[in-house]
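Notes follow once the structure below has been shown.
What follows draws every value from the coordinates through simple rules; no lab data is involved. Just so you know, these numbers come straight off a predicted model, no measurement behind them. Every residue, glycine among them, receives a Cβ derived from its backbone with ideal geometry; neighbour counts consider all protein chains shown.
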Amino acid sequence: MAVTYYDLNMLIDGEWISAKDRETLAVLNPATGEEIGRLPVATRADLDRAAAASARAFGEWKAMSAYARAKVLVRAAAILRERASDIAHLMTVEQGKPLAEAQMEVRNLPDILEWDAEEGRRTYGRVIPSRVPEQRQIVIKEPVGPVATFTPWNFPALIPARKIAAVLAAGCTCIIKPAEETPATALAIARAFVDAGVPEGVLNVVFGRTPAEVSEALISSPHIRAISFTGSTAVGKHLSEMAARGVKRTVMELGGHAPVIVMPDVDVEGLAEQAARRKYRNSGQGCVNPTRFYVHDSIFDRFAARFVEIVRSIKPGNGLDSGTQMGPLAHARRVDAMKECVDDARRHGGKVLCGGEPIEGRGFFFQPTVLADVPGSAHIMKEEPFGPIVVLNRFADLDAVLREANGLPYGLAAYAFTRDGALAHRLSMQLEAGMIGINTFALGAPDAIGAPETPFGGVKESGYGSEGGTEGIDAYLTVKLISQF
Ligand code: NAD
């Protein structure tokens, strides 16, 4: 049965709020540029109501046992499993990624919810022996309170699910503002939670005329006790500053610019092919996407030749068409950003080995692009392209290239490829990033995007706090000492 793009809503205090008689935004299919839906946006009164509802519902949700909360998450996981192919379809229509990639992303959601459900039941405290026999000292963990979460458009299912599941498993309530570009996927996830029996007000979904209108209202609300954001470093800094004014906890998953060091002892053609296929997933719109390749001079020409050969064979198109290997960019402004990035690299003396231009016709497409020998002064060597552009640069001196790899304010993911075990160890210790892939681009389980059991997060200006792993739940827990005589 064909899936249609259904009416878009907000969810506030258990009530689905439609677009009827409200200010709305257009939602576009990035593969065609056509409008596919109208999205209602929150007024200030809606946001105040959502914040108040999340505070009221917090009392109820916190008072439930972790065991009972886990049951809701497990039911939601089962519902998501049943609806997975419909949700993947919605994602491709509104975000553009090939259907197979959307399906892979959605397949992971039940795992995330089930894992968080279990982990939420293990938020153990401890007993600390006292210095005097009459005293008992107990440390317990408590949910921090209502959490405002902000998620981007590049992984419209994974990132909302990961935040909602961890927040709810910790016993907190959640207001989520998904990206306005990709609302239906997040709404489908919220529906699964509602259908699983999450109490009214525990999960709220809002959208903004601008994202800033929502974040300013929620972060300054006295009801909100923590903020979790995934997006650009610039916005993350701004939200962190606002949160600091209310001394509110934050989890920040921000931008990266992942270096890849390729030593001469690798299977050159095999790795070039693997890297080229990996790079253009999600049209390169991923924060751990490999973006700066540093390839040893002695193998550079062979590596680049095979890489370009594979890239030339990548078939861009509508993600719903079978055979499409790379979808459009998520919105029109990213196409302009890609063009500017390539032109700037050219002006600084970089070479364009293939691609480099928007693709004519409908939709927001840009050619898969390979740049080479790009000097450090070019914009792309300082800021992640967040699109289908890669840089292949050559190196001879490992110490110098390590300095270059670590030379940016970002530190999310970094990769290195070598068969030399001692060197692999050294690189894993000396690369400055929250996640390191040695001889792999898979951070976590090879067949999963965002495996729930492993922590995901960055260092330096790529953010702080982790999602996934036991750390992902800890982010929403506070510590209380009870000293009793
Ligand atoms: P953008 O900075 O306008 O938006 C990025 C995301 O942040 C969007 O989801 C947006 O809704 C949200 N956002 C923006 N301003 C906000 C605010 N004041 N309050 C709350 N949320 C806000 O940029 P864009 O053109 O959509 O994307 C381009 C850049 O964003 C990329 O270069 C990339 O660095 C970054 N980005 C990062 C991730 C990630 O996974 N870390 C995901 C998407 C985008």
- request: Could you calculate the FRET efficiency of Thr32 with Ile138 from 1/(1 + (r/R0)^6), where r is the beta carbon distance between them and R0 is 56 Å, rounded to 0.05?
  value: 0.40
Column: log10 I(q)/I(0), Debye, Cα scatterers of region 21-62, q = 0.24, 0.34, 0.35 Å⁻¹: -0.79, -1.04, -1.06
task: Specify the angular offset, from 0 to 90 degrees and rounded to the nearest 10, of the alpha carbon long axis of helix 233-245 from the longest principal axis of the alpha carbons in the chain.
output: 20 degrees
message: I want to check the label-to-label distance for Ala52 and Arg121. Put each point 7 Å from Cα in the C-beta direction and report it in nm to one decimal.
response: 3.7 nm
task: Compute the distance in nm between two label points, each set 7 Å from the Cα along the Cα-to-Cβ direction, one at Glu82 and one at His238.
output: 4.1 nm
- prompt: Taking R0 as 51 Å, what's the FRET efficiency between Arg277 and Gln484 from their Cβ-Cβ distance, rounded to 0.05?
  reply: 0.30
query: Can you pull out the GluC sites (Glu not before Pro) in region 98-136 that DSSP calls coil and that have at most 13 other Cβ atoms within 10 Å?
result: Glu134
Relative counts (whole %) of C-alpha pair distances in region 329-379, using bins that are 5 Å wide: 4, 23, 29, 21, 14, 7, 1
At q = 0.09, 0.17 Å⁻¹, base-10 log of I(q)/I(0) for region 258-448 (Debye sum, equal scatterers on each alpha carbon): -0.30, -1.12
- prompt: Which whole-number value in Å³ per residue fits the convex hull of the alpha carbons of region 207-265?
  reply: 110 Å³
- line: Longest principal axis of the chain (C-alpha) makes with the long axis of helix 300-313 (C-alpha) an angle, in degrees to the nearest 10, of 70 degrees
- line: GluC sites (Glu not before Pro) in region 334-424 lying in a DSSP loop, each with at most 14 other Cβ atoms within 10 Å of its Cβ, come to Glu360
message: Beyond a 28 Å Cα-Cα separation, which of these cross-linked pairs lie in this structure: Lys20/Lys62; Lys71/Lys163; Lys71/Lys279?
response: Lys20/Lys62; Lys71/Lys279
message: Let me check against my output: what whole-number percent is the relative contact order of region 258-448, with C-alpha pairs under 8 Å and at least 6 apart?
response: 25 percent
message: Over the Cα atoms, compute the radius of gyration (one decimal) and Dmax (the largest Cα-Cα distance, rounded to a whole number) for region 246-310, in Å.
response: 15.7, 55
- prompt: How far is helix 211-220 tilted, in degrees, relative to the longest principal axis of the Cα atoms in the chain, given as a value from 0 to 90 rounded to the nearest 10?
  reply: 40 degrees
- prompt: Taking only the alpha-carbon positions of region 243-364 and ignoring solvent, what does the Debye formula give for the base-10 log of I(q)/I(0) at q = 0.23 Å⁻¹?
  reply: -1.54
- request: Find the Rg to Rh ratio for the chain, where Rh is the Kirkwood radius over alpha-carbon pairs and Rg uses the same atoms.
  value: 0.99
query: Cα centroid distance between region 196-249 and region 19-79, in Å?
result: 13 Å
message: Run the numbers for Lys382 and Lys315: contour at 0.36 nm per residue of separation, minus the present Cα-Cα distance, in nm.
response: 21.3 nm
